[in-house]
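J.: Structure in structure tokens, see below.
The values are calculated or read from the model by the stated rules, or taken from the named source; none is laboratory data. Fair warning: this is a prediction, and the values are worked out from it, not measured in the lab. Cβ placement follows ideal geometry from the backbone for every residue including glycine, while neighbour counts extend to all protein chains displayed. We work out accessible area using only protein heavy atoms, side chains counted, and drop any ligands, DNA or RNA first. Shrake-Rupley method; radii C 1.70, N 1.55, O 1.52, S 1.80 Å.
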Amino acid sequence: KASYEINAKITEIGFSWLVGPIAIDTTSENDIGIPMKTSVKIKKCRWLQESACTGMCVNLCKRPTQQFFLETFGLPLTIKPNFEDKSCEFCFGQTPPPQEEDPAYKFPCHVSCESGRIDENGDKPCYKLPSSHKL
């Protein structure tokens, strides 16, 4: 529990300059199922806001960061970008869902993305997202 909360605090202190204002909330959404201060909420992610790209968010932030925390620290982390309002949540202590079940991998290209391919029905994932890459 302590390592999850410490990492959340380090993220708040050390990364707001990169991604924007951050707040920590208490949540039970974790592998242990108990309330902990491990939900790091980025109000408006600068990276997501500036890139306006679903694929860049998932491929250059979400997936590698989750993988880094798990492989380097043995710490599960789920990153939940909100592509509509450009906010994001880091959930320390929560194992990411399989790629097939992760909503981030189903989101279409953003309308503001300069290299995006707009799907008229909005039901096709961004073409930059991996189809079978492990988290």
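J.: Please give the length that would be gained between PHE68 and LYS9 if that part of the chain were fully extended, namely 0.36 nm times their separation in residues minus their C-alpha to C-alpha distance (nm, one decimal).
T.: Extra length from PHE68 to LYS9 when fully extended: 19.5 nm.
J.: Continuing with this model, one more query. Taking every pair of Cα atoms in the stretch 1-58, average 1/r, invert it to obtain the Kirkwood radius, and report Rg/Rh to two decimals.
T.: 1.04
J.: Could you do me a favour and compute the accessible area per residue for the stretch 1-121, 1.4 Å probe, result in Å²?
T.: Normalised by residue count, the accessible surface of the stretch 1-121 is 55 Å².
J.: Find the centroid of the Cα atoms in the stretch 72-91 and in the stretch 11-41, then give the distance between the two in whole Å.
T.: 9 Å
J.: OK, next. Let me have the relative contact order for the chain, percent, based on Cα pairs under 8 Å that are six or more residues apart.
T.: 23 percent
J.: Another one. Output ³J(HN,Hα) for the stretch 64-74: one whole-Hz value per residue in order, computed from phi by the Karplus curve 6.51 cos²θ - 1.76 cosθ + 1.60 with θ = phi - 60°, and x for Gly and Pro.
T.: Coupling constants for the stretch 64-74: x, 5, 4, 5, 4, 5, 6, 6, 7, 10, x Hz.
J.: In the stretch 1-42, whose amide N lies under 20 Å from the spot 7 Å out along Cα-to-Cβ of GLU84? List them in ranges.
T.: Label zone hits: 41-42.
J.: Per-residue accessible area for ILE34 at 1.4 Å probe radius, Å² rounded to 10?
T.: Estimated to the nearest 10 Å², ILE34 gives 60 Å².
J.: Please report the accessible area of LYS41 (heavy atoms, 1.4 Å probe, ligands and nucleic acids excluded) in Å², nearest 10.
T.: Estimated to the nearest 10 Å², LYS41 gives 80 Å².
J.: Could you list, in their original order, any pairs among LYS37/LYS106; LYS1/LYS41; LYS9/LYS62; LYS43/LYS106; LYS1/LYS106 whose Cα atoms are separated by more than 26 Å?
T.: The answer is LYS37/LYS106; LYS1/LYS106.
J.: Give me the percent of the accessible area of the chain that comes from carbon and sulfur atoms, probe 1.4 Å, all protein chains in place.
T.: 55 percent
J.: If you don't mind, another one. Ranked by accessible surface with a 1.4 Å probe, highest first, in what order do ASP25, ASP102 come?
T.: Putting ASP25, ASP102 in descending order of accessible area: ASP25, ASP102.
J.: I've got another one for you. On a 1.4 Å probe surface of the protein chains, which of ASP31, ASP85 comes out largest in accessible area, and what is the full order?
T.: Ranked from most to least accessible, the order is ASP31, ASP85.
J.: Send over the Kirkwood Rh of the stretch 57-114, from the inverse of the averaged 1/r over different Cα pairs, rounded to one decimal Å.
T.: 12.0 Å
J.: Additional query: With a 1.4 Å probe and all protein chains kept in place, how do GLU100, GLU89 rank by accessible area, largest first?
T.: Heavy-atom accessible area, descending, gives GLU100, GLU89.
J.: Using a 1.4 Å probe on the protein heavy atoms only, what accessible surface does LEU129 show? Give it in Å² to the nearest 10.
T.: 20 Å²
J.: Mind checking which of VAL19, PRO125, GLY33 is farthest towards the positive end of the chain's charge dipole, using Cβ charges of +1 (Lys, Arg) and -1 (Asp, Glu) about the Cα centre?
T.: Of the options given, the answer is VAL19.
J.: Another one. R0 = 30 Å: FRET efficiency of LYS124 with ALA2, Cβ-based, nearest 0.05?
T.: 0.10
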